[in-house]
Structures are given as C-alpha cells and as structure tokens.
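The values are calculated or read from the model by the stated rules, or taken from the named source; none is laboratory data. Treat the numbers as computed from the prediction; the structure is a model and nothing was measured. Cβ atoms come from the backbone with ideal geometry, glycine included; neighbour counts cover every protein chain shown. Side chains are part of the model used for accessible areas, which takes the heavy atoms of the whole protein and leaves out ligands, DNA and RNA. Shrake-Rupley method; radii C 1.70, N 1.55, O 1.52, S 1.80 Å.
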Amino acid sequence: MERLTLSRTPDYGSHPVHHVARRSAPLLLICLAAACGSSGTAPLSPLDRFHYPVGVAVRGSAGQEQLLVVSSNYDLAYDRDEGGVLFSVGPEASPQDGLAIEGAMRMGSFGGELAVAEAAAPAGLDTSPDACDLPQSVALVASRATRQVYKVALGADGSLTCGPDCPQLLPEDFLDPFGVTVACRNARRPRAFVTARRTNRAVSRLVEIDLSTGAQRTADFGYGTTHSVAYDAALDRIYFTSSADYGSAALRYVDVTPWCDPPLYLAECHADVVNVGEFVRGADLGGIALSNANVDADGKPMPRRLYIGARLFDADLAASLGWRPGFDTGGVLIVLEVDEAQFGVPAFRFIGAIPVGFGPAEVRVLPRRPGKRDVVAITVSDEGLLWIYDDDVGAMARVFGRDEITGAPLLGRVPYGIAVQDRGTSARLYVTAFDSSFVTPVDVPLDNPGEAAIVEVADPADPTRQVPRRLGQERQ
Amino acid sequence: MTARNALLLLALAASAGCGSSAAKPDLGLVSPGGVAVFRGLTTKNALDPAHPYVAVANSGRDEIIFIDTLDDEPVLAPVVVRPLAAPTLPGEPHPTMLASVGLHDGQNADGTGLPDLLVVVSPGSSRLQLVATWDLATHVVQPPEPDPLDLGALAPGAQVLAVIAVPVLEPGATAGTWQVARGKARVVASLAGGRLAVVDFARQADGSIAPSAVPVLQDLGFEALSLAESPDHDRLYAATVEEVIPGSGVYGVGELDTTGAVGAWTLRALDARVGTTLVAAAKVTERFVGVQDGDTFCVRQPGEPFCKAPNEDLRVYAFLDPAACGRSARMPCGLAVIDPAGGGLLADPTGEMPYLPPMAVPSIPVAIAIAGPTALPPTNEPSDAQLSVAGGYMLLAPGSGQVKTTGVAVLASGDGRVYMVDLARWHIPLNASILRTSTRASVTGGTVFSPSLVVPDPENPGQYLVKPSRLRLGLWDLVQWPKVTRPTAALASNATNMPSTVRITPGYTATDTWTVMYQGPLPGLSARAGQTGATADGRLWLAVQTPLPRSDGSTQLVDVARLFDPSLAVHVGDIAQLAPASTVTACLTTDPDTEGLSTTSYETRITAILPPSAAYPGGAVALDEAQLIDLRNPVASERLPATPECIAALKQVAPAGNMLVTLRAAGLVAGGASMGYVGRPQLEADPTAAEPFALTYSALAPPPLGEDGISCPILPWPAEAYGPNAPAAFTACVDEACRSGCERLVLARKARRLYYLSDRCLDTVDGPKATATKGCWVDWAAIADALPDASGPIVSFHLGCAQTQVDGKGDPIIDPRTKTVVEDVCTAELERDMSLTFITQSGITYAYRGPTSGSNAAASFPVAAAPFDRSPYPGKQADGYRFFVTYSENFLIDLSPGTAYSTSKVIR
C-alpha cells in the first residue's frame, strides 16, 4: 500500500506529524506528505473540476476577474507527478455548481499557497501598484510531491503556460515547499519567496527565486520549519511564520533591501526573530498577513500590524514530550503591531489574541479603509468557519459556520484558501473548501464588515429559492 | 411556578424514575467564550427559583450551557446525551459575551430570591438575546418582530463590543442619595462608533423579565473596549485606547455618572497616562505604607482595630494599552490603579514617584474579574483578631504563604495562566520569597574580559605579536577595602566575589544580564546599515538608515535609527566606525598581502548630534573628518588617515546603502541585555571617595514631581507627526543641557519601580536583627529598616581597574608570598572592549492559578472570568470566594485564590 507520509526515521530532525491537529489530519496531511513513489499507471487528473483545492488567487476587476485555483490531488487519486492542477476560471461565467474553465495546467500533487506577480501592464487586466518588472504576469505555486515551483504565465484570455523555466526544481533538502509570496517593489528585481514545511536538518528555510533570471538563494534561519510569508513593500521586508517541535513560535523577518541583493547570501540580510509563544503560550503559527499601509484620521501613519493564525497546543505536555503534541487545544487569531521604534528595527507589540476555534488556516487582509484599521479574514478549517475580524474595533465582526437549519457547512467542508478582490466599497472573498472541492464567494462591506454575506443566487432547481453561490461541483 | 414549568418538572421526574445512570454527559464545550454567574430556575433545582448557576457561552455550538455553582455539575437535559443547552437565536452564532444582574426584588436581605437578568451576545452582532432564567425550560427568548433588543435599529451598523448588566438606581429617601430600584435592571452595551446603548428591563407580573423601555443611546466619543460599574452602581467605567474626551489629551478611563437621565450621562476622564483595554472597579482598603510592624493595613491605635473601616476606598483597575505603554514610554505596562476621587492614577504612597506604578503583569490579560470579602469566614481561618474575614478581610494563598487582604482580582492571561492580584497591596503575590532563600532578588554571577593586545614584533619588523592584557576591570568590595594591604585585592572580578559588590533593590531590579564595556558598541547601534553625506556647511554626516530606490528615481529611507533620540544615548565625542562598501572605490585600500584593492573600516569621533532632516529623518551625527583613520593596521599608532578622496566620496550621498556602521561610546558604557543603555560609569581609584554608579529613580527624578519634573522636547518623538516642521524646541535640543536632561528622563523611566513588596525582615522569621550574621537582615542591611517600601537603585556599584605590574621584559611580577600577580590601580588607558558582566535575578515569581497537572487539561488560553461567593451556602463555607474561568481548550475551571492551587477544579 502506498504511504501518504513518511514514517519517522533517524534522518528526520523533526517529527513528521507534529503539525497534525486532532481533527484536521486529512487537511494537514497536505503539509506532510512527501516522497511518495510515482505511479506510472495512475490516471490523469480531471481538468473539469477541482479536487481538494488549496491555494486560490483572484486578479482583475469585478466582472472581468480571473480566479486561479490549485487542485492538490490530496488523496493521490491521480498521478502523483501530474495529479495537481492549476485552474483559471471565470467566476462570473461559471454556472452554479459548475466552472467556466479558461485554462488548466497539470502540475505536481500537493500544491500549496498561490501567489501572483502582476506585470506592469497585463493586457485586459488591472495593474497592481506594486507591479513586477516582468514581461508577463505569472502565478507561482509549489508542489510538495515534486519539490518544484511552477511559474505559470497568465494570459489575458485565462490561458496558463508553463514556460521553459517552469517548473523549477528546489534544492534537494528543501522538502515540502508550501508558502509562496511575491516581492516586487517599484519594479525592482521581482522575486518570490518559498517556505518549506520540512527540511532534512529541521531548519527554518526560505528560498528566494529571482523571477527574471530564475536564480535561487537559500537561507536558513534557525531551528524549525517555515509556513507562510508576508511581504512589506514599503520596507522591502518579509515576515514569515515558523515553528519547531519543542514548541517555539518563531515569527521572523528579513530585510530584503537592495543592501542584501546578490552577491550577498540571503542569510546575510538583516534578520531577526521574536517568539510569539511569549505572548500566547503554546502557539503554533500558520497563515500570516500584513496590514495595509494607512494613515489615521489625523494623517499620521498607523503602525503596521501582523495578523497570524495560530493553532494552540498543550505547552506543558510539549515540554514533557520534547516536541509539540500531535493534537491541538484550540486556535486564535493573533494581532501584533510592528513598531520601528527608536532603533529602526522592528519591535513587536502584542495587541491581542482572539479565539477562533480549532484549525485556523489562511489569513488575508481586505482592502484598505481610509483612516481605519483593517478588516481581516481567517479560515478555520477544522470547524468549517470563516471569521471576519474588524481591527478598527478590535473584535470579530462576523462568522460563517453551519446552516442553522440543516447544519450543513456554509462554506463547504474544511474551508482553507482565501482570495481577496477589491470592489471599492466592498471586498469579495473566494474561499476554497478543501474537502468539498468547491469555491464560495463572500461579499464583505468594508465600512460594515458585520454585514458580510455569502453571495447567493437563485437555485437552478427552484428559482424561487436563494442558495449560496458555488463555483465547482461538490465532491461527495 | 407556571403550569408549563410544572409539567416539565413532572416530565423530568418521570424520566428520572425510569432509571438512573452513574454516567453523566460531559459539557460538550467547544471554544467556550464568555461566562457569567446568575440566579435562576432550572430543572436541576426545580424548587429554587434563584439557585446560582454559571452560564457559559458555548461558542462553537451556538448555545449556552449551565453549571451549578455549588457542586460544579451541569444542568442536565431530558436526554442523557448532552447537558441542557440553550441555543442562541437564528443568525446569532458563536455567542461570546454574557452579562447578568439581579433585579433586587427577592425576599432575601440582599434582594436575591428571584431569577436574575441574563443576556447573551454574538460577535459582530447588535442584538441582545434574553435568556429565560425564570422558566424551568431554560431557553433564549424568541423576540417579537421587530426585535426590541436589536440595537442595530437604534444605531445602524453598530456591533456590540462589550456588555454589562447593572442595577437601576432611583432617588433615595433623602435628596442626593440613591438606592437600587426593586424589580428593575439595566444592560449597557458598548457599540462600535463610540456609543453606548442602554436597555432597561423589569420583572413582569408572571415572574418573567422583559424590556421595559426602548433602548436609549448615550454618546461616548470613544470606543469603549471594556465596561465596569462602581460598587455603589452610580458610576460606569469604560476602558479605551483613544483619547477619553477628544482634544483633552487625557488617555485612560472614561467615567460616566449614571445617576442622571440615560443619554445625558456626564463623562469625566480619569487619567491613566495612556489608553486602557480592560477595566474593573472595587472598594478596598489598601495597606498602610510606612508602618513599622510588618504587613498590616493601618496604624493601629489603642482601642481601635483599624485606622479606617474595611473597603471604603473606591478604586478603578485598568489594564494599560500594550501598544502605548512600556519601559521607555510615559507609562510602564501593567494594571493601573486609579483613584476616581483624584481624577487619575493613585498617588505613590511612598511619595517617590508622581503616581503609583502599575502592577506589572507577565502576560497580556484578556479578562479581569474582582471578588470582595466573603459573606462568611472560612472554617479554617487563621486566628487574627485584627484582620478577620468577619471584619471585612479575605484570604489569599500564594505559594509564599497565606495572607489576608481586602480585594482580589484575577487576570485571565494569554500565557495560559490566571494571575491573582492582591488589590490591597498593589501587586500580584509571589510564589516564593523575594527577600529570602535562593529565590530572592540577587546577583547570581559575574565575570570580566580583557581582550588580547596586538603589538609590533620587535624582532620582526612589519609583524605583530598577540599579548595578554595587563588590565582587568572589577567592582570594588567596600567590605574588603579596609582589610587589604593592596587596594586591588578588594577589586572583585569573578562569580564568587562580584555578587556582594553590586547593590540591587527588590522590587526595582529585574532579571537581566548587565555589562560594562570600555568603548563598547551602543545598544542597537552595532553593525547597522548606514549612509553618509555632507551637511549644508560641508561637514560629514553619518546616519543609520537604508535607502530604498523608488521607481520615480527618488529614495525612501527605511530602517531608520533615531540617532537624535536620547534613548539611543549617542554623545558628542563618541566613536563612529564605518565600513564603506566596495562600490565606494575611493575608500578602498591596497591589501599588503594581495596588493589588490579591498574594503576597509574607518573610525573617527562624533562632533555633533544633528536633528532630523529630509536627508536623515532620524537625525544624524557629524563626524570629525580630520580624525577619520583607516583601521586596517592592527596597531593604533600606525594607522593612516583616510584620504581626501575617500572623505569626498563619503560626502556624496550614495543612492543605495553603502556601509556598515557601529557607534561606540567614548568611554565606559553600561547596559542590560533587556534594559538597554543605563549610563556611563566612571572608573574609581578610591571607592570611598566617590559616589557609586547607580541607576536610581529618586536620584534621577527627585520627588515630588519625579519624571514629570524633567522636560525633554524630544520625547515623545514628534518626527512622524511634524516631519520637517518639527517644533523649534525639538530641533534645538542639541546642546549638552537639553540632551543630558533628556537622557535623565530616559534613564528615570528605566529606573521605575516594577513591584511593590509587602514583605520585610522580621525577627520572628529571620532571627534577631542584632545578632544576625546571614539571611534577610544581612542581605538587605542597607534597606531592611525601610522595607517593604524601600526604594533604591536598580543596580549600583563602584567600578575599578587593576593593572598588572611587569618587569623589564614585560612579564608579570609575581608576589613570592602569595604566588599571585602584583597589581596596582590602573594608570594606563583602558583597552577597547574590556568588559565586566554580572547577572541579576528579580526574585519575582508571580502566583497564578490554572488547571491542575492531574486534570490533563492544557492551560493555553483562558477567555473569560466571573466571581462567585460560595461561603453563604450550607456546607460550602470553607469554599470561600471562587472564580469561574473559561478556557478556549474546551473546559472551564472553578478556582479560588484563597485556597491552594490543587483545589482548582477542571469542569468539562
């Protein structure tokens, strides 16, 4: 029988299942599976439906949007090396419970987070203010099965093209690549940073990929693993979450300014770490997002904040065991303020931690609100929740869970990835349901996030009835 | 009892009669949120309409569950699968807030006897959900349409941020007095948008509770994050991180006089110096400061047990905004004590500081709850005629020993612990003595370091030798000083003899590693990216900053160190080292080995501190370019000056970061690994003739004004707000008088008290003082008589240096009698990076409560807390006061700070 995960061997510096939550093993096995044997006889993955979607991104303005979704082939029902799929979907054109697929590209299984590097002037699509100096917009996604990063050219018609430098193999001991973010600042050297959920030497490792040349720089930042990355374009700095078996919750940052451009090694850039476990005991950091650059009502710049999803574990038990227990005890959204302070280096202030339940996953910041702090979305996979947090009032504004009548999960089973589309006075979220294999759009009024609602459409079977909009057919 | 209730009761009795089971369902808690104690009617105590229960917002299951406060058993449902759960209303998932209050219309003397008001709120919602505490079938009341408790109708778009339930006051028998109205209660909800919504409820004829008036809005002008009421119910307190009254400049707590008409409550700002996030209020009697007979609450007069009656001082306790407070900020972090009568922070009873320093809390609390003295004393109460529970006192049982106090708070905190606060003593009690045994505040070790020297090799010109240093730093031991024949024998330099030479003060000294270094790098200013350029008058400036090029060709500066900020302690005369990048070709030098060009480091002195400008928004230092020397040669006397071409190149502002920078002190510099810069000690040749180096609040900031008497136009740093238009006083603060004043303020803030002791040396514990040879009397000899209120230095010491005598060959001279090297007091200049290090421990081990180790419950994240006095209930007198604390890990704890940790009970 083919194994989905490696058993613990003396070669491993970390326990392979230390991030597996009691009630989320299926999802988080994505983050653990590796080195499965290639199955030459396995069928090819379908290109007409999602299959355990994880990463998601949206680009373009309302009505012209292009939705990118990574199918992970989590159960290896299809070929390991080509069982994953990156989809390009037109959400507006998609029928209820169906997909208007504009492009699809097979890739390695166990795809992770998805990031898009927008070229300066992509035809037919809005440009990002932090556009990349690239000839064409690209999507980046890593496959943990093949240890590769796919840099996929995005056509204006939704086509997806894996060019000559795609996929790109990551270093040999860079196992389980997962998180990816793009760093383009004022068209300076466009880069992507990729995290590794596992390495041979159990170190917190990042790979920087120069998106123009394909050149890689790798750096280790102490013991542990890396999870998700957030990029601060204003300071040319990346923040990334990491964790370690014995329970530290390391939030690290690296100033990736021109000062540390090649030929310096990435590890020679200015970097430091803070143990978030000192603020929230037993925190295991996951998704991370950075607040929008903003000014308050008096025109004074607001300090930037970091929003981090963290699973909680029994820190006392971890101390006894010597590593993180394999089950969670809860989950929180942690809010930290980044103060540059007198020394010109970040000082982290703990603002608060809001319980969200078991299995916090991805965190996204919604578009900027003039004079107000941000609205933040976080998926909680184990409990099937999507929380909307209003940082301006320091409280949760809305939570989506189960249907009150049927108890059915409103966002599908195991909601995970979130993509955010700026619609002016509101934001549209696209939430992937990992276990249900569909995507749900959610509208969030930015001035009143408590009124956030799942987008509804007339039920095709009964037009008098409104039902949640669903992109993709539910996997039974 | 209604007919419906009777039927339910019968059904319950019938079902019970069909059989019983020893097994009971667990609570089924999923991400529990708020908790509240209320009195009401349930099937568990169907004959008691006002039995006390704990309501828990079972957030993950969209319901409320109920637990009997007397036996910690859940109220069971008619089915045995789960306990009774009251689902929240449709569209109101994940309840997190609960509030309850009695209507004071019961038959008991305290007004109890009938069911209380209980409401629940879901996050992001504007609706109050009323719980039918009067109905045997406990449930959330289905409101009519439109929902009169939907505050969104009153304040569209508002969400409830905090909620509290309070009694309603009505005029008393005499003018100006107030009394609690019978049969009425009120819910006050803080709404987003800086408003309060007030909803009045009243007991109905059938025993139910219902809204008695439409909700009314009360404008606040700030976002209230937490609410509390005064024990007399006539004031409401609101925590906020915003200015309490816009334009007033006052941050702290808003106080509302609730005796007036709702909507016209008057607001007063209580100054806590920074914003607040949590608030609670209580009446306590605080311990008396200055009394000499140990830990007591007042000076006892003949015939008078107490100097004043228990629990007569109104206090407001507010947790300070962690984003605004701090060691170097205007206010340290922690739980502030506010005296409403004074309109702000309670005065420091010792008179040292201009305010009572807040109680330091080792984590960030997410909830606060307060309990007062119990109705009945515990059955095992220690005898103390003066401080009896019956007299208004209560027990508190930290690990350091049981004490009596007049008010106890608990802080459910992010580190998984529930800290207990002794409100009468302004501190979290300790689990071990801060004055005695190995746990006490102390200096635990020390070491010195002298770098080896590089000198020219006389036998091989052009080559160099490495020789050990002849110098060592040390701390003068004033006890040994008069006993030794050679002064340097009293110079302590190792872990054995250094601890006794450092004076510390319990309650002031934190756990830290302290270093004194000669020409050491200034804290935070080592190996930083920097930039140079030329001032308008042609001087060479240096700033610690990184330029980022913009696409429009301009440059943005990041990682800016505020060299102008006195917190960084840069002085004129200090040393600047810079290592230009290889792109600054004019500063490259020829490597003698490879004969190729290579980068090198340069060094010079700082001639001025420059205020911020567009080129250097954090300020800069002007450098003495005439003394700029190339550091390539290891022998200082052989170093060459920088070339004019190099200096000219440095004056051209490079578009990219072009160098690494380290700023070093001109002489000795002292700092703590956590504390940072603390000053610049001087060497003492004769310690009896000089004042020690000390970091002492009262010396830096003399009373009565303390730190508030020091003016510094730079603090708080206004650069972000003012930019190039900074006030003239800010930019003018370049002279010695202004900068030294600012540094004094910075150091005074670091020297603030961090803990109020309540312990002192006692003959009964430590033996007679007169004959003591060790222990408390000896360890704290300098301050023993002033304890527990003694103030003193964070650290204090006499610094010295010894220099080894050498013979004509340069070898050390050995004393033939003692076989040790012969030393004199230093006359030679100290060597760079010579250092001395010692370690202090604070002796502070805060007492807390949490799940017991045998409960197999993880103490990760407590969420909410509610107090309850169990003592008046039959058979429960010994239990005393309790707190019910919910944990997000799907359980709650019934704990009491008045009993041992092991008595905490996990309920799930």
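Between Rg and the Kirkwood Rh of the stretch B:468-615, both from Cα atoms, what is the Rg to Rh ratio? Before the final figure, lay out the partial values.
Details: Rg = 22.3 Å, Rh = 20.0 Å.
With Rh from the inverse mean 1/r over Cα pairs, Rg/Rh is 1.12.
Where the convex hull is taken over the Cα atoms of chain B, what is its projected area averaged over directions, in nm²?
Details: hull surface 194.9 nm².
Orientation-averaged projected area of the Cα hull: 48.7 nm².
Please give every one of the aspartates and glutamates within straight-line cross-link reach of A:K300, meaning a C-alpha to C-alpha distance under 15 Å, and leave out same-chain neighbours fewer than 8 residues apart.
Within the straight-line limit of under 15 Å, A:K300 reaches these aspartates and glutamates: A:D339, A:E340, B:E242, B:E720.
Express the relative contact order of chain A as a whole percentage, based on alpha carbon pairs under 8 Å and six or more residues apart in sequence.
Numbers: 1403 pairs, mean separation 53.7, N = 476.
Normalised by residue count, the contact order of chain A is 11 percent.
Sequence neighbours fewer than 8 away in the same chain don't count; with that in mind, list the lysines whose C-alpha is under 18 Å from B:K467.
B:K809
Please give the per residue accessible area of the protein assembly as shown, computed with a probe of 1.4 Å over protein heavy atoms only, in Å².
Values: 50920 Å² over 1384 residues.
Heavy-atom SASA per residue in the protein assembly as shown reads 37 Å².
Checking buried surface per residue: for the stretch B:106-136, which residues lose a minimum of 10 Å² accessible area in the protein assembly relative to the chain alone (1.4 Å probe)?
Residues shielded by partner chains are B:P123, B:G124.
Could you tell me the accessible area of B:H139 in Å² (1.4 Å probe, neighbours in place), rounded to the nearest ten?
Around 60 Å² of this residue is reachable by solvent.
Largest first, how would A:L385, B:L700 line up by accessible area (1.4 Å probe)? Please report the intermediate quantities before stating the final value.
Values: A:L385 0, B:L700 30 Å².
Result of the area sort, largest leading: B:L700, A:L385.
Please report the net charge: other residues with Cβ closer than 15 Å to the Cβ of B:C733, K and R +1, D and E -1.
Working: positive: B:R562, B:R739, B:R744; negative: B:D565, B:D735, B:E736, B:E743.
Net charge in that neighbourhood comes out at -1.
Restricting to Cα atoms and excluding each atom paired with itself, what does the Kirkwood estimate give for chain A in Å?
Numbers: mean 1/r = 0.0452 Å⁻¹.
Its Kirkwood hydrodynamic radius stands at 22.1 Å.
Provide, as a two-decimal number, the C-alpha radius of gyration of the stretch B:554-689 over 2.2 N^0.38 Å, N being how many residues it has. Present the calculation step by step, with values, prior to reporting the outcome.
Numbers: Rg = 17.2 Å, N = 136, 2.2 N^0.38 = 14.2 Å.
For the stretch B:554-689, the normalised Cα radius of gyration comes out at 1.21.
Of the options A:I238, B:A50, A:Q148, report the single residue whose Cα projects farthest towards the positive end of the charge dipole of the protein assembly as shown (beta-carbon charges: Lys, Arg +1; Asp, Glu -1).
B:A50
Ignoring ligands and nucleic acids, what accessible area does B:H233 show with a 1.4 Å probe (Å², nearest 10)?
It works out to around 50 Å².
Grab the alpha carbons of the stretch A:339-417, take their convex hull, and tell me the volume per residue in Å³. Write down the numbers at each step before the final one.
Details: hull volume 9.7 nm³, N = 79.
Cα convex hull per residue, to the nearest whole number: 122 Å³.
Answer with one residue from B:G28, B:F222, B:S842: the one whose Cα lies farthest towards the positive end of the charge dipole of chain B, charges on Cβ with Lys, Arg +1 and Asp, Glu -1.
B:G28
Determine the relative contact order of the stretch B:153-200: mean sequence separation of Cα pairs under 8 Å and six or more apart, normalised by residue count, in whole percent.
Values: 72 pairs, mean separation 17.9, N = 48.
Here the relative contact order equals 37 percent.
Compute, for the stretch A:337-406, the length of the dipole vector about the Cα centre, with Cβ point charges of +1 (Lys, Arg) and -1 (Asp, Glu) only. Units Debye, rounded to 20. All intermediate terms of the calculation are to be shown ahead of the outcome.
Details: 8 positive and 12 negative charges, 45 e Å.
In debye, rounded to 20, the stretch A:337-406 gives about 220.
Tell me which of B:Q652, B:A642, B:G667 sits at the most positive position along the dipole axis of the stretch B:637-688, charges placed on C-beta atoms (Lys, Arg +1; Asp, Glu -1).
B:Q652
Sorted from largest to smallest, which semi-axis lengths in Å does the alpha carbon gyration tensor of the stretch B:643-692 give for its equivalent ellipsoid, taking the root of 5 times each eigenvalue?
Numbers: eigenvalues 299, 54, 7 Å².
The answer is 39, 16, 6 Å, longest axis first.
Could you put B:T643, B:T69, B:T696, B:T827 in order of accessible surface area, largest first, with the 1.4 Å probe and the full protein assembly present? All intermediate terms of the calculation are to be shown ahead of the outcome.
Working: B:T643 60, B:T69 0, B:T696 20, B:T827 120 Å².
Putting B:T643, B:T69, B:T696, B:T827 in descending order of accessible area: B:T827, B:T643, B:T696, B:T69.
As an exercise, identify the trypsin sites (Lys or Arg not before Pro) in the stretch B:132-211 lying in DSSP coil whose Cβ has no more than 16 other Cβ atoms within 10 Å.
B:R182
To the nearest 20 debye, what charge dipole does the protein assembly as shown have about its Cα centre, counting +1 at the Cβ of each Lys and Arg and -1 at the Cβ of each Asp and Glu? Could you put the intermediate results ahead of the total?
Values: 105 positive and 147 negative charges, 325 e Å.
Computed charge dipole of the protein assembly as shown: roughly 1560 debye.
Leaving ligands, DNA and RNA out of it, report the carbon-plus-sulfur percent of the accessible area of the protein assembly as shown at a 1.4 Å probe.
Numbers: 27530 of 50920 Å².
Carbon plus sulfur share of accessible area: 54 percent.
Report the B-A buried area as the accessible area lost on both sides summed, probe 1.4 Å, in Å² to the nearest 100.
Working: alone 37070 and 17940 Å², together 50920 Å².
Roughly 4100 Å².
Please get the size of the charge dipole for chain B, origin at its Cα centre, with Cβ charges of +1 on Lys and Arg and -1 on Asp and Glu, quoted in debye to the nearest 20. Spell out each step's value before the answer.
On the way: 62 positive and 88 negative charges, 217 e Å.
Here the size comes out at about 1040 debye.
Please compute the contact order of chain B in relative form: average sequence separation of alpha-carbon pairs under 8 Å and at least six residues apart, divided by the residue count, as a percent.
12 percent
Within a Cβ distance under 15 Å of A:A100, other residues only, what is the Lys/Arg minus Asp/Glu net charge?
-3
How big is the stretch B:770-908 along each principal axis, measuring the range of its Cα positions in Å and listing the largest first?
89, 43, 27
Quick one: how many Å² of A:Y223 are accessible to a 1.4 Å probe, rounded to 10?
90 Å²
I need the Debye-formula profile for the stretch B:13-172: one equal scatterer per C-alpha, no solvent, reported as log10 I(q)/I(0) at q = 0.09, 0.13, 0.18, 0.19 1/Å, two decimals.
-0.31, -0.63, -1.12, -1.21
Students often forget the sequence filter, so: which aspartates and glutamates lie under 20 Å Cα-Cα from B:K819 once same-chain residues fewer than 8 apart are removed?
Cross-link targets: B:D807, B:D811.
Can you tell me the convex hull volume per residue for the protein assembly as shown, based on C-alpha atoms, in Å³ to the nearest whole number? Don't skip to the end; give the middle numbers.
Working: hull volume 293.0 nm³, N = 1384.
Expressed per residue, the convex hull around the Cα atoms of the protein assembly as shown is 212 Å³.
With r defined as the distance between the Cβ atoms of B:T764 and B:S853 and R0 fixed at 41 Å, what FRET efficiency is calculated, to the nearest 0.05? Intermediate values should be presented prior to the final figure.
Values: r = 34 Å, r/R0 = 0.82.
The value I calculate is 0.75.
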